[in-house]
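For reference, the structure discussed in these notes is given below.
FYI, it's all coordinate maths here, none of it is from the lab. Computed from a predicted structure; not experimentally measured. Methodologically, a virtual Cβ is constructed for each residue, glycine included, from the backbone with ideal geometry; neighbour enumeration extends over all protein chains shown.
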Number of protein chains: 2
Amino acid sequence: MAEKHQGRQTAALAHPPSVLSFANIGGRQEGRGPLSECFDQLSDDAYFGEKTWEKGEAAMQKAVVARALSRARLTPAEVDYILAGDLLNQCIGSSFALREFGIPFYGLYGACSTMGESLSLASLLIDGGFAQVCAAVTSSHFCTAERQYRMPVPYGSQRPPTAQWTATASGCVMVGRKGPGPYITHVTCGRIVDKGIKDANNMGAAMAPAACDTLCAFFRDTQTSPGEYDLILTGDLGALGHEIVTDLLKREGFDPGAQFSDCGLLLFDRQAQDMHAGASGCGCAAAVLTGYVLPGMRQGKWKKVLFAPTGALLSPTSSFQGESIPGICHALCLQSSV
Amino acid sequence: MAEKHQGRQTAALAHPPSVLSFANIGGRQEGRGPLSECFDQLSDDAYFGEKTWEKGEAAMQKAVVARALSRARLTPAEVDYILAGDLLNQCIGSSFALREFGIPFYGLYGACSTMGESLSLASLLIDGGFAQVCAAVTSSHFCTAERQYRMPVPYGSQRPPTAQWTATASGCVMVGRKGPGPYITHVTCGRIVDKGIKDANNMGAAMAPAACDTLCAFFRDTQTSPGEYDLILTGDLGALGHEIVTDLLKREGFDPGAQFSDCGLLLFDRQAQDMHAGASGCGCAAAVLTGYVLPGMRQGKWKKVLFAPTGALLSPTSSFQGESIPGICHALCLQSSV
């Protein structure tokens, strides 16, 4: 059971759940980027052996769940809940991937914040006494996202400099009541923040206020300051969003310092890979968490990490109807020991 | 904190959270049906005062949250979490409705099972000690669903007898640590079940196996039988799905009896309103729960209710790609006293 809330948005977990295992998979561009060594598996085939990109995205989720299960020496029957979602309409990446495992399933929609949302709810269900083991999983795919949100890929449409590139990647984390760490010590549930940005090619700017809102809530609730964290990662604001949130945080009195970065800035080499503002997609934060953050924490690189994936809660329909872009950000504090 | 799990899928809540308040809203067809008296508000205007159906759907969610808050004499700042989702691509019904309340938000995708999923997670967060008050909300809209899933409404396409009619409705339940009841005593998280049904005009048949799976898990886990419940409601299987799940349950040794019905059978008069197999949509189970079940329990009509909304986790894309329809069902046990 949780301690008394330290504040309005942050739950301090009384018995911090542990990461048991994790796994990821990436596509061609991910394999050409600076984090290529961080993937368990990279596929040059955008279909991942399937007949369509959507089925390929489901295949990615299936692969990472199977690998994370095997690494934790768990059978699906030993997992109490699986929490998952993705960017596809009606989240078919998750439902078609996970139907074979037979694990009780809560489907989520948090756009690119899904890795944060799924890991948060997994941790809360365990700390609340409802589960021994939970799985948190998400994915995104450049080709499924492009044709759904923007243009059919073969059109080769021109992208403005503020545009981000949807990662073709999936990640899964198994969380349990006891384990070797890292441990999830705090969970901050974000609020929807919409400052009126309408440019669907500038999601970083749309999501930055939500990231600021959640990070400030986290620092206030936990009475800590950015300097106490070895690494603070939003995801995936990209280059412009990262600048904006840095400014916004400073205005709120929180100078995030040099340990502040963004998953969207880490996954690709923006110049060499011509990635404009950086990476995006649920798979971006999932891959950076499972390929870079968690292994780095286990290797002793960082002891205390604040992981805060961001999501843009728009749809093509809402943009066509002239709506602005609501953003959200869910944050978790990870510690290598408790 | 929960007691030790009674089984693999069902959490028995140690301190059953209470319903604090509830509210709903419906459209024209809902106002012509047998439950017309069960709505707080009915609108002949399918736009609910907005310029598009999608914005109208968001307006419905906004209205029910505001009304449920006011009935419980709560401000948004007193609500710890809001859990919501809908059928629209990227769940824009929820994100655009809820952005103004500033309540920490976990977005869900459970298709027509969303009222069950949101109420389950709300109850678990409260019983786990993470919240005093949570809101569970969802909606659906005939016109937004038709144009997204099937055909533009003005085409007037012919519907087969197995087709269901998406409810234009929204419902919200405020749940708290203490209150007058009804109380949520058990929560069963469903598994994805896919028996290969591919006909998107026969969702009842596609979801029936999931409903059977979850109901059997509930009865096994709680060591109870259908006869111990005053009302058992799946939602929204419709006429054919209801027959199928009745058969499937009997085969598993659970005769659900005369108190077994389906939200999709209650909302409309199928003959007089020409509704074919019945109602569907997230709003159907939400409206039946908030307009019929909860008021009926408070009036002493039923003491022990098993509420088990069902969802079909397909998308038009998955159907175009030849995929079958995965189903899910989340169940809750509601009791008027504990």
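A few remarks follow.
- Around the amide H of A:W165, modelled in the peptide plane, lie the amide H atoms of A:G278, A:A279, A:S280, all under 5 Å away and 5 or more residues distant in sequence or on another chain.
- Spin-label model distance (nm) - A:F320 vs B:E37, 7 Å beyond Cα toward Cβ: 4.2
- Basic side chains Lys and Arg get +1 at the Cβ, acidic Asp and Glu get -1 at the Cβ, and with that the dipole of region B:183-335 about its Cα centre reaches some 360 debye.
- Between region B:1-77 and region B:115-170, the C-alpha centres lie 10 angstrom from each other.
- Take each residue in A:84-94, count the other chain C-beta atoms within 10 Å of its C-beta, and the mean is 6.
- Beta carbon of chain B nearest to the axis of the rotation taking B to A, residue and angstrom distance: B:G128, 1
- Considering only A:A72, A:A277, A:A308, the Gaussian network model of chain A with Cα springs below 10 Å gives its largest mean-square fluctuation to A:A72.
- Cβ-vector label at 7 Å, B:G179, separations to other copies in nm: 3.4
- Here region B:10-176 carries DSSP beta bridges of which approximately 60% are antiparallel, counting only pairs with both residues inside.
- When each of B:S120, B:S140 is scored by the number of other beta-carbon atoms lying within 10 Å, the sequence from fewest to most is B:S120, B:S140.
- Total charge dipole magnitude, region B:10-176, about the Cα centre, Cβ charges on Lys, Arg, Asp, Glu only, Debye to nearest 20: 260
- Cβ-vector label at 7 Å, B:R150, separations to other copies in nm: 3.5
- Listed pairs A:K55/B:K195; A:K250/A:K303; B:K195/B:K250 exceeding 20 Å between Cα atoms: A:K250/A:K303
- Between A:D230 and A:K51, the contour length at 0.36 nm per residue exceeds the Cα-Cα span by 60.1 nm.
- The ranking of A:H330, B:H15, B:H276 from fewest to most other beta carbons within 10 Å of each one's beta carbon is B:H15, B:H276, A:H330.
- Contact order, relative form, for chain B: 25 percent (alpha carbon pairs under 8 Å, 6 or more residues apart, mean separation divided by residue count).
- One decimal place: the segment B:R251-B:S70 gains 60.6 nm when fully extended, by the rule 0.36 nm per residue minus the C-alpha distance.
- Here's the picture: a label point sits 7 Å out from the Cα of A:Y155 along the beta-carbon direction, and within region A:38-72 the residues with their amide nitrogen under 20 Å of it are A:53-54.
- The loop-placed trypsin sites (Lys or Arg not before Pro) in region A:54-98, going by DSSP, that have at most 14 neighbouring Cβ atoms within 10 Å of their Cβ come out as A:R73.
- For B:G179, net neighbour charge (Lys/Arg +1, Asp/Glu -1) across residues whose Cβ lies under 15 Å away: +2
- Note on the protein assembly as shown: antiparallel DSSP beta bridges, both residues inside, total approximately 65 percent of the bridges counted.
- Other residues within the sphere of radius under 11 Å centred on the Cβ of A:T138, judged by their own Cβ, net out at -3 (K and R +1, D and E -1).
- With label points defined 7 Å past Cα in the direction of Cβ, position B:T75 shows copy-to-copy spacings of 5.3 nm, given to one decimal and shortest first.
- Average partner coverage of B:127-136, which counts Cβ from other chains inside 10 Å: 4
- MRE, 222 nm, helices only [DSSP H, n ≥ 4, -39500 (n - 2.57), over the protein assembly as shown, to nearest 500]: -9500 deg cm²/dmol
- Of the DSSP H helices in chain A, those whose Cα atoms cover at least 18 Å axially and whose Kyte score averages 0.5 or more: A:114-127, A:203-222
- Sparsely packed GluC sites (Glu not before Pro) within region B:62-157, loop by DSSP, other Cβ within 10 Å at most 10: none
- Reachable aspartates and glutamates from B:K51, criterion Cα separation under 16 angstrom, eight or more residues apart if same chain: A:E323
- Environment charge of A:A287, counting only residues whose C-beta is closer than 11 Å and scoring Lys/Arg +1, Asp/Glu -1: -3
- Legend: mean number of C-beta atoms from other chains within 10 angstrom of residue C-beta atoms, peptide B:109-115, equals 4.
- Estimated inter-spin distance, B:D44 and B:D199, nm [label 7 Å along Cα→Cβ]: 3.7
- Placing +1 on the Cβ of every Lys and Arg and -1 on the Cβ of every Asp and Glu, with no other charges, gives chain A a dipole of roughly 420 debye about its Cα centre.
- Distribution of pairwise C-alpha distances over region B:183-335, 10 Å bins, in %: 12, 43, 34, 10, 1
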